[in-house]
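The values are calculated or read from the model by the stated rules, or taken from the named source; none is laboratory data. On a predicted model such as this, the values are computed, not experimentally measured, just so you know. Positions of Cβ are backbone-derived with ideal geometry, glycine not excepted, and every protein chain shown enters the neighbour counts. Just the protein is used for accessible areas: all its heavy atoms, side chains included, with ligands, DNA and RNA removed. Shrake-Rupley method; radii C 1.70, N 1.55, O 1.52, S 1.80 Å.
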Amino acid sequence: MVRFARRFILFTFLVCFNFVNGQDIPGYNMSNYAGVSGIDLQPACIADMRYKFDMTIVGAGIDFNNNYVSAYSKYILDQTMFQNYVGNFQQHFLSESISTDYKAVGLNAYVQLPSFAITIDRNNSVGFTCRLRSLLNIDNLSPALAHLMYTDLSPSDPQNQKYFGQTLNNNNFNINQMSWWEYGIDYAHVITRKGHHFLKFGVRAKLEAGLEAAYIYASKFEFNWKNNDTLSLYNTVVKEGHTQTLVDDLSGNSNIGNALTNVAATSFAVDIGVVYEWRPDFYEWNFNSNRSYSSERKDLTKYKIRLGASILDLGLMNFSKGDNAYDFVANKNNWDVNALTFGPNKLHSIDTMITNNFGSSNSKRAFTFYLPTTFSFQFDYHIYKDLYLNFTSNTSPRWMNVASQVHTLSYYVVTPRWDYKWFGVFLPMGINGYGQPTFGATVRLGPLIVGTSNGLNLLFASNIYGINAYAAIKVPILYGNPLKRKKESCPAF
């Protein structure tokens with residue numbers, strides 16, 4: 001069991017570094033031309049938007065971060081070095097953090113399926129969104145256990161020799177993973193437009209369809225590796241659960257179609273947002289001489305300062321446990337873990353092994369997963385013409401002593417941007433929830449959006465602790481210039 005967990009965590013590190021938020025798209029999501037893409041961060045954004053209609057045909061993103069293992073950027077960018085040593089990736093390309101901070105890993109992936117937003121009238125807009133989401137969190141991993149896993153319990157490692165024979169603890173160690181479909185209906189409304197002041201709000205009601213979920217939470221975890229194959233556990237209290245759909249998906253008898261359609265649980269969630277705009281020159285945006293509000297230019301951005309706040313993913317989901325998933329208390333001395341054997345379905349084999357060795361301490365057959373609730377604040381300053389400066393904070397807390405929960409990585413980002421109708425360039429830079437600096441770039445070319453919020457770290461940082469990428473293809477229908485239409489429609493004399 002321990003070796004399987006060790007290899008699973010190391011596999012997560014290595015796969016993510018080789019493969020490449022998505023909760024959202026830092027930088028682009030606060031564009032005045034984000035349209036339906038901005039709903040995931042600010043549900044109010046589509047009220048008084050620059051589009052008559054905006055549709056995402058398809059989009060996808062993946063975001064991996066951790067505070068333990070980093071990759072040497074100069075070696076990754078060195079093609080010769082990469083080709084010569086890629087077979088021994090861990091030794092030549094990865095570096096282990098030796099800080100005393102507890103370790104964490106986050107993997108956030110999503111696929112955006114057809115989603116759209118429509119302007120109904122000058123005060124109201126509606127939208128529909130559809131996403132497939134998946135989150136993995138490993139939290140509160142002690143430096144000692146992390147090192148033992150990272151080195152594969154190598155008896156020749158000097159630090160492992162110090163750990164062998166010591167009783168160590170890793171209380172509140174937590175692994176959570178959940179995948180789910182999300183269908184949302186968004187409504188955004190302009191509350192007031194009085195002089196310089198403009199206020200709007202938005203709410204998105206969401207149907208959450210959980211496909212699979214799993215968690216391990218060790219509130220008390222005491223262990224002693226006598227050597228690299230002999231383990232003792234002392235009064236280790238573990239809450240553990242997963243859905244039967246996950247067991248079935250890993251059995252080898254399931255296909256991708258079944259994995260994406262076998263729903264284990266459903267629930268409802270909500271996103272709420274509000275936006276205030278200060279428009280000191282609002283009269284300049286009218287195209288009639290009477291300066292009436294009904295004549296506002298819908299094709300132009302009118303604010304000097306924009307403030308926004310939103311609460312996202314308010315909700316939870318209740319699952320039934322798989323057939324052999326139970327909480328347990330582990331007490332075992334001098335356990336020969338090399339003697340453990342697992343069948344083709346490792347998850348089912350682990351369940352059986354746990355039950356046979358430790359029994360069960362709780363007969364409860366259901367568990368609750370908390371969605372990745374996020375609190376966001378947005379500030380946008382219109383510098384000049386198409387130039388803007390944005391600050392966005394996303395705080396996604398991990399609730400203490402909650403066994404089953406997923407969360408996104410918090411971030412605090414400043415983004416200068418050039419934001420024209422059909423083109424845009426965004427340069428997000430900031431700090432993530434691990435205290436690591438991030439530098440990214442996004443380009444909007446008509447219907448195509450491609451970017452990363454931390455990919456430029458490859459150029460500016462010596463060690464890379466994570467990377468993300470996202471892309472989307474859209475069908476935007478913008479408002480035109482009414483003055484131009486009037487001029488074209490005037491009769492010639």
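Within segment 189-210, the set of residues being aromatic (Phe, Trp, Tyr), under 20 Å from Ser37 (Cβ atoms) and open to solvent by less than 10 Å² (accessible area, probe 1.4 Å) is empty. Mind counting the residues in segment 207-233 that are outside any strand (DSSP E or B) and more than 18 Å from Met353 (Cα to Cα)? So the answer is 1. Would you call Gln79 at pLDDT below 85 and within 27 Å of the chain's Cα centre (by Cα)? Taking the combined requirement at face value, the residue does not satisfy it. Of the residues making up segment 150-172, those that are in a loop (DSSP other than H, G, I, E, B) and under 29 Å from the mean Cα position of the chain (by Cα) number 5. The residue list His147, His189 contains one member that is part of a strand (DSSP E or B) and at pLDDT 95 or above, which is His189. Taken over segment 348-401, the criterion of being of a type in the set (Ser, Thr, Tyr) and touching an Asp or Glu at 6+ places or on another chain (Cβ under 8 Å) is satisfied by Ser360, Ser361, Thr373, Thr374, Tyr388. For the residues Ser294, Ser289, Ser310, Ser349, the requirement of being farther than 30 Å from Thr243 by Cα, at pLDDT below 90 and outside any loop (DSSP other than H, G, I, E, B) singles out Ser294. When segment 251-276 is filtered for residues that are surrounded by fewer than 15 Cβ atoms within 10 Å (Cβ to Cβ) and assigned to a strand (DSSP E or B), the ones remaining, listed by number, are Thr266, Phe268. Of the residues making up segment 318-333, one or more are of a type in the set (D, E, K, R), touching a helix residue (DSSP H, G or I) at 6+ places or on another chain (Cβ under 9 Å) and more than 20 Å from Thr243 (Cα to Cα). For segment 213-258, filtering for residues that are under 14 Å from Ile175 (Cβ atoms) and in contact with a helix residue (DSSP H, G or I) (Cβ under 9 Å, 6 or more places away or on another chain) leaves 8. With respect to the conditions (1) closer than 28 Å to Gly241 by Cβ; (2) surrounded by fewer than 17 Cβ atoms within 10 Å (Cβ to Cβ), Gly165 lacks only one, and its number is (1). Of the residues making up segment 234-250, those that are open to solvent by 10 Å² or more (accessible area, probe 1.4 Å) and outside any loop (DSSP other than H, G, I, E, B) are Tyr234, Asn235, Val237, Val238, Lys239, Glu240, Gln244, Thr245, Leu246, Val247, Asp248, Asp249.
Looking for something surrounded by fewer than 17 Cβ atoms within 10 Å (Cβ to Cβ), farther than 27 Å from Ile62 by Cα and under 31 Å from the mean Cα position of the chain (by Cα) - is there at least one such residue anywhere in segment 173-188? No, every residue in segment 173-188 fails to be surrounded by fewer than 17 Cβ atoms within 10 Å (Cβ to Cβ), farther than 27 Å from Ile62 by Cα and under 31 Å from the mean Cα position of the chain (by Cα).
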